[in-house]
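Chemist: Before I ask anything, here is the structure I am working with.
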Amino acid sequence: MTRAEFNRLSFALLYGSFMPVSIFGQESSKYKSARPPQSKRKFRSSAVDNFIEAFKKNSKDEEFSWIFENCFPNTLDTTVFFEIKNGLPDTYVITGDIDAMWLRDSSAQVNPYIEFCNQDEPLSLMIEGLIRRQTRCILLDPYANAFYKDSHKISPWKSDHTEMKPGVHERKWELDSLCFCIRLAYQYWKTTDNTKMFDPQWLEAMKLVVKTMKEQQRKNDNGPYHFERRAGSETDTLKGKGYGNPWKPNGMVCSAFRNSDDACTYLFNIPENLFAVVSLKQLAEIISHTSKDESFRNECIALADEIETAVSKYGTVEHNDFGKMYAYECDGLGNYLLMDDAGVPGLITIPYLGYGNYTDEIYRNSRQFALSEKNPFFYKSGIAEGTGSPHLAWKKAEMIWHLGVVGRAITSTDNNEIKHCLAMLTSTHGGKGFMHEGFNKNNPNDFTRHWFAWANSFFGELVVKVYREQKL
C-alpha cells in the first residue's frame with residue numbers, strides 16, 4: 001500500500017459500504033483518548049508512544065487514529081504487571097477482563113511491541129520477563145493454558161476432573177499455547193539478539209514441551225492428560241471419559257481444545273499442527289545457537305517433519321467447490337471437520353504464523369473456503385462480514401469476531417481487501433474505540449468482552465504493518 005493509498009484510506013473509512021450512517025457529522029471533540037491517565041497506566045513505553053504520535057500526524061482520518069491510539073497500547077496500559085525479582089525481569093500479563101494469564105494471549109498481546117525493543121530497554125526487559133514467566137508456567141504444568149500471578153492461588157475450576165495445581169487457572173490442553181511461547185521467544189531473540197532468558201530452566205521447559213507433544217501423538221496409549229468439566233457447555237468438556245472422540249495415531253499431535261478454549265470435535269487440529277511444525281523448527285534454530293544440544297535439536301526437527309508429513313497425508317481434503325484444501329480437524333479414521341474459527345491459528349492465519357506462503361494453492365483454496373458461506377462460521381450482513389466461532393454459540397446470534405477480520409487483512413495481498421477490512425473494523429467498535437471478541441453481524445453495539453487485549457493488540461499490529469508497508 002503506497003503513502004497516497006494510505007492517505008486515501010480516510011475516504012474508504014468514511015464512505016465505505018460498511019460505515020453506519022450514525023457516525024456521519026460527528027464532531028472531532030468526540031474522539032478523546034480512551035487510554036488511562038498516564039499515572040494509571042500499568043507499563044509505559046516511550047517508543048510505542050512516539051510511534052502513536054507519528055502515526056496520528058500522518059493519518060488523515062480522525063476516528064481511525066483514535067481507535068488505533070486506544071487499541072495499540074492497550075496491553076501495556078492495562079494488562080502488564082512488571083517487576084524485577086531476584087535480579088531478573090518478571091512479567092505477568094492478564095488477558096483483560098479475566099485476571100489470569102493465557103500463554104497464547106499473553107504472547108500475542110506483546111507481539112506487536114517486539115519491533116520497538118531495540119529502541120526501548122524497559123520494553124525489552126518487559127518481554128524478556130514474560131518469556132521467563134512463561135517458562136515457569138510450562139514447568140508447573142505443560143498441559144495448562146492459563147495461570148495466575150500468585151503461584152498459590154486456587155482456581156474456581158478446581159473441581160475439573162483433571163490434575164489441577166495451585167497457580168493454574170485452567171487446564172485445557174491446547175497445542176497452540178506451547179507454540180505461541182516458542183514463537184514469542186524466537187521473534188524476540190531474532191530482533192534483539194538477547195539470549196539471557198535461554199538458561200538451563202528454559203531448556204528444561206522446552207524439553208518438556210517436546211515431551212508433551214510426543215505424549216499427545218498418542219501412538220501407544222491415551223497419554224497422561226484427560227479433562228472433564230461437569231458444569232458449563234458441551235464445548236467446555238471432553239467426551240470419551242475425558243480423552244476426546246476416537247482417533248487413530250498418524251504422527252500429528254492431538255489437541256484437546258482449540259485456541260477459543262472450545263473442545264476439538266476431532267483431536268487433530270490442522271492449523272495447530274502446522275503451527276507446531278513452524279515452532280519446532282524455530283526451537284531447533286534457537287538450540288543450535290545457544291545450548292548446542294544437537295540431540296535435542298535433531299529431535300525437534302524429526303518431530304516437525306513427522307507432523308508435516310502426517311498433515312500432508314491425512315489433513316487435506318478434496319472439496320467439490322474449492323479443490324484441495326486443509327481440513328480444520330480430522331481424526332485419522334477418515335472423518336473431517338470443514339470449518340474455520342476466527343481465532344489464531346486458523347485456516348486463514350496459517351501463513352501469518354510462518355507456515356508456507358500466501359500463494360500456496362492449498363492455502364488459497366482453504367482461504368476461499370473459510371471466507372465463503374460454505375464455512376458454517378462465516379457471517380455476512382449489510383454491515384459487515386467475517387468469520388466467527390462456535391465459542392459464542394450461546395449468544396444465539398451470528399457473531400463476527402474482530403480477530404477474524406484482522407486475521408483476514410493481515411494475511412491479504414490485495415489492497416482493496418485490506419481497506420475493506422479496515423473499514424469494517426472502524427465501523428464495528430460499538431462506539432467504544434476498542435476491538436471486542438464478537439459482535440452481532442446486524443448490530444455492532446451488541447458485542448462481547450469490552451476489554452479483550454489480544455483483539456486490541458492484533459488490530460494495532462495490522463495497522464502498524466499497513467503503515468510500515470506504505471512507506472516502502
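Chemist: Would you tally the net charge around P89, using a Cβ to Cβ cut-off of less than 10 Å, leaving P89 out, and scoring K and R as +1, D and E as -1?
Modeler: Values: positive: K85, R132, R133, K196; negative: E83, D90, E128.
Residues close to P89 contribute a combined charge of +1.
Chemist: Given R₀ = 30 Å, FRET efficiency for K165-E121 by Cβ-Cβ distance, to 0.05? Intermediate values should be presented prior to the final figure.
Modeler: Values: r = 35 Å, r/R0 = 1.15.
Computed FRET efficiency for K165 and E121 comes out at 0.30.
Chemist: Could you work out [θ]222 nm for the chain from helices alone, using -39500 (n - 2.57) per DSSP H run of at least four and dividing by all its residues? Round to the nearest 500 deg cm²/dmol.
Modeler: Dividing the helical sum by the residues of the chain leaves -13500 deg cm²/dmol.
Chemist: Can you tell me which of 181-192, 233-244 comes out highest on packing, and rank the rest after it, using the mean Cβ neighbours within 10 Å?
Modeler: Descending mean neighbour count gives 181-192, 233-244.
Chemist: Right, another one. Below 9 angstrom from the Cβ of M197, what's the summed charge of the other residues (Lys, Arg +1; Asp, Glu -1)?
Modeler: Overall, the nearby charge balance is 0.
Chemist: Return the sequence-ordered ³J(HN,Hα) values of region 232-243 in whole Hz as given by the Karplus equation 6.51 cos²θ - 1.76 cosθ + 1.60 applied to θ = phi - 60°, using x for Gly and Pro.
Modeler: My calculation for region 232-243 gives x, 7, 5, 7, 9, 9, 9, 7, x, 6, x, 10 Hz in order.
Chemist: Skipping prolines and chain starts, which residues have an amide H placed within reach, meaning under 5 Å, of the one on C264, given they are 5 or more residues away or on another chain?
Modeler: Here F257, R258 satisfy the definition.
Chemist: A further question follows. Test of understanding: ordering I307, I301, I348 by Cβ neighbours within 10 Å, fewest first, what list do you get?
Modeler: Ranking I307, I301, I348 by Cβ neighbours within 10 Å, fewest first, gives I301, I307, I348.
Chemist: Pairs K211/K239; K248/K441; K42/K432; K158/K190: which exceed 28 Å Cα-Cα?
Modeler: K248/K441; K158/K190
Chemist: Right, next: Put +1 on the Cβ of each Lys and Arg and -1 on the Cβ of each Asp and Glu in the chain; which of L347, T413, F55 then has its Cα farthest toward the positive end of the dipole?
Modeler: Farthest along the dipole direction, towards plus: F55.
Chemist: For the chain, with only Lys/Arg (+1) and Asp/Glu (-1) charged at the beta-carbon, what is the dipole magnitude about the Cα centre, in debye rounded to 20?
Modeler: 580
Chemist: Right, something else. Collect residues whose amide H, placed 1.01 Å from N in the peptide plane, falls under 5 Å from the amide H of G244; neighbours closer than 5 in sequence don't count.
Modeler: K239
Chemist: Out of residues 5 or more away from K172 or on other chains, whose amide H comes under 5 Å of its own, with H placed 1.01 Å from N in the peptide plane?
Modeler: Here N145, A146 satisfy the definition.
Chemist: Mind listing the phi-derived Karplus ³J(HN,Hα) values for region 115-128, rounded to whole Hz, using 6.51, -1.76 and 1.60 with θ = phi - 60°, and x for any glycine or proline?
Modeler: Calculated HN-Hα couplings, in order: 5, 9, 4, 6, 9, 8, 4, x, 5, 4, 5, 4, 6, 4 Hz.
Chemist: Hey, if you put +1 on the Cβ of every Lys and Arg and -1 on every Asp and Glu Cβ in the chain, which of G315, H152, A231 ends up farthest toward the positive end of that dipole?
Modeler: H152
Chemist: Considering Cα pairs under 8 angstrom that are at least six residues apart, work out the relative contact order of the chain and quote it in whole percent.
Modeler: 16
Chemist: Quick one: Karplus J couplings for region 315-332, per residue in order, coefficients 6.51, -1.76, 1.60, θ = phi - 60°, nearest Hz, x for Gly and Pro?
Modeler: Rounded to whole hertz, the list is x, 10, 9, 9, 8, 4, 9, 10, x, 5, 8, 7, 6, 7, 9, 8, 10, x.
Chemist: What is the Cα centroid distance between region 297-357 and region 390-455, reported in whole angstrom?
Modeler: The two parts, judged by their Cα centres, are 25 Å apart.
Values quoted throughout were computed directly from the atomic coordinates according to the rules given, and no laboratory measurement underlies them. Keep in mind that this is a model prediction, so the values were computed, not measured. Virtual Cβ from ideal backbone geometry, glycine too; neighbours counted across all protein chains shown.
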